[in-house]
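Contents: one structure, followed by commentary.
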Amino acid sequence: MELNEEEMKFVEQQMGIIGYVLANYERFGEDALSIASKYFYELGKLTGQSAKRKMGITESDANAVAAVMRVVLEQAGTKPIIRVEGDKVIIDNSEFCPVMEAVRIMNAPWETICRNYSWRWFEGVAAGVNPKVTMEVPESRIWGKNRCYHIIKVPK
């Protein structure tokens, strides 16, 4: 995939983060991944809380989570399909993903990065709106699927 200039800006941002995570992983092993996972969750949570506040959202239901995820993910350079089904927010992306492109360019361990960085950040953003959310990823391009499919369950 040929990246345009705007996409490359988002990818370059991810490359620095991924490089830092991998350098620590190489030096400190699994402990570094555990720390990174917690950090990116908390970073996402702060991002979600900030977006919720700036958007004037007072609710914490699935619609509120979806609205915040839509804005935050667009600011991060990706535009997935986001829909609400009952108490679930479905995030479906088969298009541009800056983390995926950075991993490809760097030849980084894709599953390690997604599980400990991007997935944790996604879940954290949602938790910034509703701290009781849980997330599952039944489909991902890291497993050879055509899309990444995140399901965020939002308790009432």
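Please work out which residue is surrounded by the fewest Cβ atoms within 10 Å (Cβ to Cβ), limiting yourself to region 92-104 and to residues that are out of contact with any helix residue (DSSP H, G or I) (no Cβ under 7 Å at 6 or more places or on another chain) and touching a residue at least 12 places away in the same chain (Cβ under 8 Å). Filtering first and then ranking leaves GLU95. In the set (1) loosely packed, with under 12 Cβ neighbours inside 10 Å; (2) under 23 Å from TYR149 (Cβ atoms); (3) at pLDDT 95 or above, the condition left unmet by MET1 is number (3). Say we look at region 51-69 and pick out the residues that are touching a helix residue (DSSP H, G or I) at 6+ places or on another chain (Cβ under 9 Å) and in contact (Cβ under 8 Å) with a residue 60 or more places away in the chain; which of these is farthest from GLY86 (Cα to Cα)? The residue in question is ALA51.
Of all residues in region 3-12, none satisfies being in contact with a Phe, Trp or Tyr (Cβ under 6 Å, 6 or more places away or on another chain), among the aromatic types (Phe, Trp, Tyr) and in contact (Cβ under 8 Å) with a residue 12 or more places away in the chain.
Would it be correct to say that LEU22 is touching a residue at least 40 places away in the same chain (Cβ under 8 Å) and over 23 Å from LYS153 (Cα atoms)? Answer is yes for this residue.
Please tell me if GLU59 is modelled with pLDDT under 95 and charged (D, E, K, R). For GLU59, the condition - modelled with pLDDT under 95 and charged (D, E, K, R) - is not met. Criterion applied to VAL72, VAL125, VAL133 was being in contact with a Pro (Cβ under 8 Å, 6 or more places away or on another chain), touching a residue at least 24 places away in the same chain (Cβ under 8 Å) and of a type in the set (A, V, I, L, M, F, W, C), and the one residue passing it is VAL133. Taking GLU95 as the residue in question, decide whether it is within 26 Å of TRP143 (Cα to Cα) and not in a helix (DSSP H, G or I). Yes. Tell me, yes or no, whether region 108-128 has at least one residue that is assigned to a loop (DSSP other than H, G, I, E, B) and under 23 Å from VAL11 (Cβ atoms). Checked against the condition, which is being assigned to a loop (DSSP other than H, G, I, E, B) and under 23 Å from VAL11 (Cβ atoms), region 108-128 yields at least one hit. When VAL89 is tested against (1) free of Cβ contacts under 8 Å to residues at least 60 places away in the same chain; (2) in contact with a strand residue (DSSP E or B) (Cβ under 6 Å, 6 or more places away or on another chain); (3) not charged (D, E, K, R), only condition (1) is not met.
Scanning region 1-32 for residues that are among the aliphatic types (A, V, I, L, M) and farther than 20 Å from PRO98 by Cα yields a single hit, ALA32.
Listed here are the residues, each with its yes/no results for (1) under 14 Å from the mean Cα position of the chain (by Cα); (2) surrounded by fewer than 21 Cβ atoms within 10 Å (Cβ to Cβ); (3) not aromatic (Phe, Trp, Tyr).
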| residue | (1), (2), (3) |
| --- | --- |
| MET55 | no, yes, yes |
| ARG70 | yes, yes, yes |
| THR112 | yes, yes, yes |
| PRO131 | no, yes, yes |
| TRP143 | no, yes, no |
| TYR149 | yes, yes, no |
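Which of the numbered conditions does ARG83 fail, given that it passes all the others? Conditions: (1) in a helix (DSSP H, G or I); (2) under 25 Å from ASN146 (Cβ atoms). Against the list (1) in a helix (DSSP H, G or I); (2) under 25 Å from ASN146 (Cβ atoms), ARG83 comes up short only on (1).
The values are calculated or read from the model by the stated rules, or taken from the named source; none is laboratory data. These numbers were taken from a predicted model, which means no experiment stands behind them. Positions of Cβ are backbone-derived with ideal geometry, glycine not excepted, and every protein chain shown enters the neighbour counts.
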